[in-house]
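A quick write-up on the structure given underneath.
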Amino acid sequence: MPGWKAGTKITFEGKGDDRLGFLPPDVVFVVNEKPHHLFSRDGDNLIHEMEVSLTDALAGCTLSVPLIGRENMWLSFAGDEVICPGYEKVIRGQGMPVPGEKGRKGDFLIRFSVSFPAGLSDERRSEACRILRDCCYS
């Protein structure tokens, strides 16, 4: 069923092999999760790791984020919104179905990492320092 977690047991009572003189045993299946290349799971929450460039993290960007049903969602970050390394965007109700609670879903968490340039010239480093020195930090 949608939302079943690893370790969930499904039992079919008395459906095992028949043996003369014995009651048929139960057949038990145990749910196992396969790793996914885009998503991981934490309880009912679905997690997607996303990397953005330092430029996009600082200047704002619009990102296409994959969803579990092979669709995409667009997220926009305005120029005044900075994506810090480790930032987590939570989309409520877009995670895994919650077993036994019809229509309820966990959350979809997008965890960001920021890729930095491999190197900067002295001129670029000075320019970056000059610009960033005047920023307000929280």
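Across the options Ser115, Gln94, Ser64, the greatest Cα extent toward the positive end of the charge dipole of region 61-138 (unit charges at beta carbon of Lys, Arg, Asp, Glu) belongs to Gln94. Estimated translational diffusion coefficient (Stokes-Einstein, Kirkwood radius over Cα pairs, 20 °C, 1.002 mPa s) of the chain: 112 µm² per second. Under the convention that each Lys and Arg Cβ holds +1 and each Asp and Glu Cβ holds -1, the size of the dipole of region 1-75 around its Cα centre is about 180 debye.
Simple spin-label estimate for Ala128 and Val28 gives 5.7 nm between the two label positions (7 Å along the Cα-to-Cβ direction from each Cα).
Among the trypsin sites (Lys or Arg not before Pro) within region 98-138, those in coil by DSSP and having at most 10 neighbouring Cβ atoms inside 10 Å are Lys102. Remark: region 45-124 carries a charge dipole of roughly 560 debye about the Cα centre, counting +1 on each Lys and Arg Cβ and -1 on each Asp and Glu Cβ. With all protein chains kept in place, the per residue accessible area of region 36-138 amounts to 70 square angstrom at a probe of 1.4 angstrom.
Count the lysine pairs in the chain whose Cα atoms sit under 19 Å apart, keeping only pairs 8 or more residues apart in sequence or on different chains. Close lysine pairs found across the chain: 5. A straight chain from Glu49 to Arg92 at 0.36 nm per residue would run longer than the Cα-Cα distance by 13.8 nm. Taking the helices alone, the chain has a mean residue ellipticity at 222 nm of -3500 deg cm²/dmol, built from -39,500 (n - 2.57) per DSSP H run of at least 4 residues and averaged over all its residues. Backbone amide hydrogens, once placed in the peptide plane, bring Gly106 within less than 5 Å of Gly95, Met96, Val98, excluding anything fewer than 5 places away on its chain. For region 40-123, the set of GluC sites (Glu not before Pro) satisfying both a DSSP loop assignment and a count of at most 15 other C-beta atoms within 10 Å is given as Glu71, Glu81, Glu101. The angle between the Cα long axis of helix 122-133 and the main principal axis of the chain comes to about 80°, on a 0 to 90 degree scale. Of all chymotrypsin sites (Phe, Trp or Tyr not before Pro) in region 1-40, which ones are in loop regions per DSSP and have a Cβ with at most 15 other Cβ atoms within 10 Å? Passing sites in region 1-40 are Trp4.
Per-atom-type breakdown for region 40-81 gives carbon and sulfur 47% of the accessible area (1.4 Å probe, protein chains only). Just the number, please: percent antiparallel of the DSSP beta bridges in the chain, rounded to the nearest 5. The answer is about 70 percent antiparallel.
The values are calculated or read from the model by the stated rules, or taken from the named source; none is laboratory data. Remember, it's a predicted structure, so these values are computed and weren't measured experimentally. With ideal geometry, Cβ positions are generated from the backbone for all residues, glycine too; neighbour counts draw on all protein chains shown. Heads up: the accessible areas ignore ligands, DNA and RNA and are worked out on the full protein's heavy atoms, side chains in. Shrake-Rupley method; radii C 1.70, N 1.55, O 1.52, S 1.80 Å.
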